[in-house]
1. Quick one: how many residues across region 97-135 are closer than 17 Å to Val57 by Cα and among the aromatic types (Phe, Trp, Tyr)?
2. Limited to region 126-139, what total is found for residues that are closer than 22 Å to Asp9 by Cβ, open to solvent by 40 Å² or more (accessible area, probe 1.4 Å) and touching a residue at least 40 places away in the same chain (Cβ under 8 Å)?
3. For Ala239, are the conditions met, namely being small (Gly, Ala, Ser) and more than 27 Å from Pro63 (Cα to Cα)?
4. Tell me, which residue of region 83-113 that is among the polar types (S, T, N, Q) and outside any helix (DSSP H, G or I) is surrounded by the most Cβ atoms within 10 Å (Cβ to Cβ)?
5. So, in region 151-191, how many residues would count as being surrounded by 13 or more Cβ atoms within 10 Å (Cβ to Cβ) and either over 30 Å from Pro298 (Cα atoms) or among the aromatic types (Phe, Trp, Tyr) (or both)?
6. Which of the residues belonging to region 65-82 are open to solvent by 70 Å² or more (accessible area, probe 1.4 Å) and either under 15 Å from the mean Cα position of the chain (by Cα) or over 22 Å from Met162 (Cα atoms) (or both)?
7. Scanning for something open to solvent by less than 40 Å² (accessible area, probe 1.4 Å) and without any contact (Cβ under 8 Å) to a residue 12 or more places away in the chain, does region 196-217 turn up at least one residue?
8. Output the residues belonging to region 299-312 that are in contact with a strand residue (DSSP E or B) (Cβ under 9 Å, 6 or more places away or on another chain) and surrounded by fewer than 18 Cβ atoms within 10 Å (Cβ to Cβ).
Amino acid sequence: MLDKLLSEDNVRHLCALLDKAQNIIVTCHVSPDGDAMGSVLAFSHFLGRKGKNAIPVVPNIFPDFLKWMPGVERVAVYEKNEGEVAPLVLAADLVVCLDFNTPERLLGLQKPVEESRAPRIMIDHHLDPADFCEWSVSRSDMSSTCELLFRIMDQLGETEDMTMEEAACIYTGMMTDTGGFSYNSNRSDIYYIIGQLLTKGIDKDKIYRNVFFNYSAERFRLMGYMLYVKLETFPEYHASLMTLTREEQKRFSHKKGDTEGFVNIPLQINKSRLSIFLREDTERRVIRVSLRSVDDFPCNKMAAEFFNGGGHLNASGGELPCPMDRAVEVVRAALKKYAPLLAVK
């Protein structure tokens, strides 16, 4: 059995919002990952099962390795389809915000969401949530928004009738946001939930292959280049850095999602504590920053202090509005500042 996360008052408030609404928009953060897509699709399936007209909407395109997910054909992409998608948002009775903690993470989709007169619900597992929704639950101790969503559905008594499609989406989000259950996944509750999802008929091995064995040959050539040419190690800090420019992305026919997981690879180096990956955004003049760590090194603190970001203890991100050479200088300053915490214990 799972502990109840919501008070009885919160349950009643949530149920009232869901019961009253018929046309519901379910959305997530920009550049959706597995947890974002998993929670959006799972909740859309659930609402459809309850007789609601639920439309999954994402700010921009998502990676190819998530396009197998049940219900993905119904997803409306806001970017480049603003004229079609914005009216759907403005006509909604309810907007459900999943896997993000501030409306700024919607980018262009932020405007219609904030202009909508519909109440908003937020379900998220990131730190420091903004106060922009009528009802919200934010639990940074959860492995993923999908785990949090399952627990809420369980408290509502809705997991008994959960479909295989809902279960597959939830499992995908939990799996991807923990690196295949290799970090932030030590609580026994997680494996209880996995057991419950398996009773719905999901094939967890096939889901793993769909996500992690579904890349192009160009991605592997890029990976080899990154590891052989671009990987820089800092033995004195037990850390590493990889950088990727726009020109290099073009050279290797980079598509969204092709660098997924690259930042995790250097953590396999003996005594490694921290891996940082800098990538020039192809649409905005910023450097996208990804950080991964092991044990108790606080990625989220470094991301907040140096990279205008945040996240979780072992997995965080941010961005820098500067050229790549300046971003590398910021990384070096961050490593120097956090040297005591990077010492191998």
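The values are calculated or read from the model by the stated rules, or taken from the named source; none is laboratory data. All figures in this text were calculated on a predicted structure; none of them were measured in a lab. Please note: Cβ atoms are built from the backbone with ideal geometry, for glycine as well, and neighbour counts cover all protein chains shown. The protein model used for the area step is the full one, side chains on, heavy atoms only, and it has no ligands, DNA or RNA in it. Shrake-Rupley method; radii C 1.70, N 1.55, O 1.52, S 1.80 Å.
1. Number of matching residues: 1.
2. Count: 2.
3. Spelling it out, Ala239 is indeed small (Gly, Ala, Ser) and more than 27 Å from Pro63 (Cα to Cα).
4. Restricting to residues being among the polar types (S, T, N, Q) and outside any helix (DSSP H, G or I), the top hit is Asn101.
5. Here the count works out to 16.
6. Lys80, Glu82
7. no
8. Passing the criteria: Lys301, Ala304, Asn308.
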